[in-house]
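The block underneath contains the structure these notes are about, expressed in structure tokens.
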Amino acid sequence: MPGKKAEGKDSESGGESDSSKAPPPTQINKIKYSGPPHIKKERRQSSSRFNITQNRELVKLPQLKEATQGEREELFIQKIRQCGVLFDFVSDPLSDLKWKEVKRAALQEMVEFVTQNRAVLTEPVYPEVVHMFSVNLFRTLPPTNSPSGAEFDPEEDEPTLEAAWPHLQLVYEFFLRCLESSDFQPSLAKKYIDQRFVLELLALFDSEDPRERDFLKTTLHRIYGKFLGLRAYIRKQINNIFYNFIYETERHNGVAELLEILGSIINGFALPLKEEHKIFLLKVLLPLHKVRSLSVYHPQLAYCVVQFLEKDPSLTEPVIMSLLRYWPKVHSPKEVMFLNELEEILDVIEPAEFQKVMVPLFNQLTKCVSSPHFQVAERALYYWNNEYIMSLISDNAATILPIMFPALYRNSKNHWNKTIHGLIYNALKLFMEMNQKLFDECTQQYKAERMKEKERLKQRLDAWNKVETIARANPDVDQVAKMLDNVSLLNSGLPDADMDFDDEATTQEPKTNGANNAGNNINLATVNIQEAKKNLDKPLLRRKSDLPTDILTQKSLETYQRADEYLTTPGSDAQNEA
């Protein structure tokens, strides 16, 4: 697997065309429901606060393709202005149907016009396009609370879709086609696409509608690529959104999309990294791990972190130490996410950096292996299936094996899940093959520690026995005994669940001087190992309830087509400016 790490290092130059090096796209439809459709009785109104235009009677204008060359620009501008008229899609959806269709047809025609023709974005068109986009899109978003007063949960709740989407989608598409046109001139557009425009655009990322956030993501990505003067401002404002999300509200719908944009931006950072970018990693990206809704954006966050470490391996130690500091204590699905991300980091780690963090890292892994939640233990033990991680462990076995051995040995007998037994025997076998002598020493040391523990337990029971003997010598012992209902003061004498000192358990130890016996134990667990490997592709998150779902919402999300499946790294100018 060292080759795997090197492969990541060489990928920096050609990232645009390979989707495997692009940030993972945000999921549009998070709720999957295969049962019969249920209609929610209580639905939140998807009424963004539009200022409905008073005069909405639109006149159908001639087709652009039928206009002469001299008339085309003026007709194009008239159609753009016509599309600045806003309609009511909520309180009276059936009103103004004729004029709504006129606007929809005009928008569709302009999308095709910009896509298929050259030299149509003349200087007078720019302010009209930006104004039309602003009038249609920049608005106050609806509140996120449901009618029952419960807060919107992005992991479980069905999103409220924007009622005006039939028009909004075409407005987004038209503006995106303008940005992507070969005629587009940033020098002319920068008068209108300024910092205030970007701020309004970023505010829309809190929309509940995932289709709108997807268009916003692509639009902001294009603006970042075209307008070099706005890049630092865009990064700063995204930072501010994250600070507000982490330390104040812990609620924002567009974190995954913003991280996806940042993932493509980080790909283009020039080396050596600026101090500003390192601060962004340590002060913004890493604290995002402690928010409750981590699962909504974790794939994009992990991608950003790994990109930083591929750029600058010296950041590995502070990153891993921060992850260990934020490690979940009582939330098992979150622990699984941390283990996934940690393996991605270990796939690109330098051996010298690994040595700096291996002691605290494997101290945490011992806790994960010992976790009563079998998915956490299972995910931690899958590390032993990673060749590159095993090569790092092999090079530092003298430090790592003494840390891991007690947890592996103890849980090989005491863990309730048989799949975990198989994975642990597999790990012990690999350690045994790695360094037989060290394995023998760890086994003997473990036995000695367990005998000391048994002796301490015996001394404790003897001390309680002496106390009871002294108590029984008291003249009032009969009266006290009646009061206590003859309850013995002695402990039951049974060892703890973790204490396995009986002769039968001792005979089942993996004996290093009898490798055949250990091999038999491992062979007995082969079936369990195979069964565990089948679970590698299964999702390791908590099972969600099958909530009532609105069939129209599901259909809308399933039929939505992305503008871009993957975000590419901004062009070479990004590396000069970044």
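Quick notes
- Taking 0.36 nm per residue of sequence separation and removing the Cα-Cα distance, the Thr559/Ile470 pair yields an extension gain of 23.9 nm.
- Each residue of the stretch 22-28 was assigned a 3J(HN,Hα) from its phi angle through the Karplus curve 6.51 cos²θ - 1.76 cosθ + 1.60 (θ = phi - 60°); the sequence is 8, x, x, x, 5, 6, 7 Hz, with glycine and proline shown as x.
- Solvent accessible area, Å² - Met404, 1.4 Å probe, full protein context: 0
- Peptide ranges 168-178, 221-231 listed from the most packed, as the mean C-beta count within 10 angstrom indicates: 168-178, 221-231
- Computed FRET value (nearest 0.05) for Thr140 with Ala463, which takes r as the C-beta separation and R₀ as 56 Å: 0.20
- Whether the stretch 126-273 is rounded, prolate or oblate, judged on the alpha carbon gyration tensor where a/c under 1.5 counts as rounded: oblate
- Additional length obtainable on full extension of the chain from Val330 to Lys60, 0.36 nm per residue less Cα span: 91.0 nm
- Cα-based shape type of the stretch 298-400, given that a ≥ b ≥ c are square roots of the gyration tensor eigenvalues and the cut on a/c is 1.5: oblate
- Mean sequence separation of contacting Cα pairs (under 8 Å, at least six apart), scaled by the length of the stretch 187-346, corresponds to a relative contact order of 20 percent.
- Between the residues Val125, Leu94, Gly70, the greatest Cα displacement towards the positive end of the dipole of the stretch 55-140, with unit charges on the Cβ of Lys, Arg, Asp and Glu, is found for Leu94.
- 3J(HN,Hα) couplings calculated from phi for the stretch 466-474 with the Karplus curve 6.51 cos²θ - 1.76 cosθ + 1.60 (θ = phi - 60°) are, in sequence order, 5, 4, 5, 4, 5, 5, 5, 6, 6 Hz; Gly and Pro show x.
- Remark: relative contact order (the stretch 164-239) = 38 percent; criterion is Cα-Cα distance under 8 angstrom and separation of 6 or more residues.
- Among Ser182, Ala163, Val198 - extreme Cα towards positive end, dipole of the stretch 145-264, charges at beta-carbon: Ser182
- Probe 1.4 Å, accessible area per residue of the stretch 327-465, Å²: 43
- Put the Cα centre of the stretch 420-479 next to the Cα centre of the stretch 98-122 and the gap is 79 Å.
- Over 28 Å between alpha carbons, listed pairs Lys418/Lys447; Lys217/Lys334; Lys60/Lys226: Lys60/Lys226
The values are calculated or read from the model by the stated rules, or taken from the named source; none is laboratory data. All values derive from a computational prediction rather than experimental measurement. For neighbour counting, all protein chains shown are included, and Cβ atoms are generated from backbone atoms with ideal geometry for every residue, glycine included. Accessible surface is based on the protein model in full, side chains and every heavy atom, while ligands, DNA and RNA are left aside. Shrake-Rupley method; radii C 1.70, N 1.55, O 1.52, S 1.80 Å.
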